[in-house]
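J.: One structure, as structure tokens, below. Some questions next.
The values are calculated or read from the model by the stated rules, or taken from the named source; none is laboratory data. Bear in mind that the values here come from a model prediction, so they are computed numbers and not experimental data. Cβ placement follows ideal geometry from the backbone for every residue including glycine, while neighbour counts extend to all protein chains displayed. These area figures cover heavy atoms from the full protein model, side chains too; ligands, DNA and RNA do not enter into them. Shrake-Rupley method; radii C 1.70, N 1.55, O 1.52, S 1.80 Å.
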Amino acid sequence: MKKYNFSAGPAILPEEVMQEASKAVVDFEGIGLSILEISHRSKEFQAVMDEAQALAKELLGLSDKHEVLFLQGGASTQFAMTAMNFLGENERAGYVDTGSWSTKAIKEAKRYGETLILASSKENNFNHIPKGYDVPSDLKYLHITSNNTIFGTEYHELPDTSVPIVADMSSNIFSKSIDINRYGMIYAGAQKNMGPAGTTLVIIDKNFLDKQSREVPTMFDYNTHVGKQSMFNTPPVFAIYVSMLTMRWVKANGGVEGVQKLNKTKAELLYKTIDESQLFFNPVATEDRSLMNVTFLLKDNSMEEAFLTKATAAGCSGVKGHRSVGGFRASIYNAMGIEGVEVLCETIKSFDSANA
Ligand SMILES: *Cc1c(COP(=O)(O)O)cnc(C)c1O
């Protein structure tokens, strides 16, 4: 039976991408060797790296002033690496606390320098994106988590500031078009919306990189990886290859504008179904609802097990909510087709009418 994968991450990838990747594991482009066993210095892999960088640039509308890196260590390493490189002595950075991932980023930044928490939605269990706070103009950068994977909130408008924004876009990279000029840096772990686990996309504006203000170990210095095109050491070859295939797929599906349209349609359908139900509700402020991770709860949580059983029987996998929110979460990343969302909506509706 076909399964619809609503897992938050590692997450769904396009069927075509997995088909192509599986062939490359056996014989990469007919060269008689596997993608898993060729040198990262081979011309074959160099072409993969070049194309991955070019596609990231094309999809996000980057210019020559942007560097594109594929690093290791996950988005979690970026929490420390951003501050380690950019938060120098006598400098201050601003952070907005919108959930577990932001909180972790703040914890790391505090090790390196003055870290201002400009706003937080913690008191409301992170059910909205804070707005209307002041951003001091002397900040080195303002850090935001553009989509909160666990709590199901997303920035639909950026904070009003001219301070360079550093954004953790792990769970909504390539899901919509962005105003790239507002960002000093963007990072995203691949395993939510870009590829398999194992690599992290980092985009840095060269002007921002010039303001790197600390002496740091070689592997944690962005300049090291910029200078060596992400190949100072052995890069995560397979994760980059599959991410490249996924970016090709995004391009073939109308680019970020194309997938954005479908993402909106999918999210609207699911939120509407939840809103119209008797038994379920979405805990997030309407204007901050995520298009990628849709959280929903039962008013009577004693029915949770029964709904999960029904969802599983309908082929919906990975809808159990994160333990800090409870209930359910459907991650509807780029690769989730409308059909999967329709099946989930039907499941919600029929559970609702049978039990309300
Ligand atoms: C999953 C996630 C992370 C952590 O990513 P790792 O690659 O596991 O370190 C960080 N930020 C956000 C928004 C995430 O969704």
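J.: Looking at this structure, is Asp221 under 30 Å from Val135 (Cα atoms), of a type in the set (Asp, Glu) and either without any contact (Cβ under 8 Å) to a residue 12 or more places away in the chain or away from the ligand (no atom under 16 Å from the Cβ) (or both)?
T.: Answer is yes for this residue.
J.: Does any residue of the stretch 42-61 turn out to be open to solvent by 10 Å² or more (accessible area, probe 1.4 Å), more than 25 Å from Tyr222 (Cα to Cα), assigned to a loop (DSSP other than H, G, I, E, B) and in contact (Cβ under 8 Å) with a residue 12 or more places away in the chain?
T.: no
J.: Related question: Which one is nearest to the chain's Cα centre (by Cα), of the residues in the stretch 60-77 that are within 16 Å of the ligand (Cβ to nearest atom) and of a type in the set (Ser, Thr, Tyr)?
T.: Filtering first and then ranking leaves Ser76.
J.: Just need a number here: residues in the stretch 241-274 that are closer than 26 Å to Lys23 by Cα and among the small types (Gly, Ala, Ser).
T.: Looking only at that region, the number is 4.
J.: I'd like the residue in the stretch 140-174 that is of a type in the set (S, T, N, Q) and surrounded by fewer than 24 Cβ atoms within 10 Å (Cβ to Cβ) and, out of all such residues, is farthest from the ligand (Cβ to nearest atom).
T.: Result: Ser162.
The rows are residues; the columns are (1) within 20 Å of the chain's Cα centre (by Cα); (2) within 13 Å of the ligand (Cβ to nearest atom); (3) at pLDDT 95 or above.
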{"site": "Phe79", "(1), (2), (3)": "yes, yes, yes"}
{"site": "Asn85", "(1), (2), (3)": "no, no, yes"}
{"site": "Gly94", "(1), (2), (3)": "no, no, yes"}
{"site": "Thr98", "(1), (2), (3)": "yes, yes, yes"}
{"site": "Arg111", "(1), (2), (3)": "no, no, yes"}
{"site": "Leu116", "(1), (2), (3)": "no, no, yes"}
{"site": "His128", "(1), (2), (3)": "yes, no, yes"}
{"site": "Lys131", "(1), (2), (3)": "no, no, yes"}
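J.: I'd like the full set of residues that are of a type in the set (S, T, N, Q) and farther than 14 Å from Ala167 by Cβ, limited to the stretch 192-206.
T.: The answer is Thr199, and nothing else.
J.: On to the next question. For the subset of the stretch 175-199 comprising residues that are outside any loop (DSSP other than H, G, I, E, B) and within 9 Å of the ligand (Cβ to nearest atom), which member is surrounded by the fewest Cβ atoms within 10 Å (Cβ to Cβ)?
T.: Here is the first cut: in the stretch 175-199, the residues outside any loop (DSSP other than H, G, I, E, B) are 180-189.
From the residues that got through so far, the ones that are within 9 Å of the ligand (Cβ to nearest atom) too are 187-189.
On the way: Tyr187: 24, Ala188: 28, Gly189: 28.
Among those residues, the one meeting the criterion is Tyr187.
J.: I'm told Glu305 meets every condition in (1) touching a residue at least 24 places away in the same chain (Cβ under 8 Å); (2) more than 18 Å from the chain's Cα centre (by Cα); (3) not assigned by TED's automatic domain parsing to the domain that holds Thr199 except one. Can you identify the failing condition by its number?
T.: (1)
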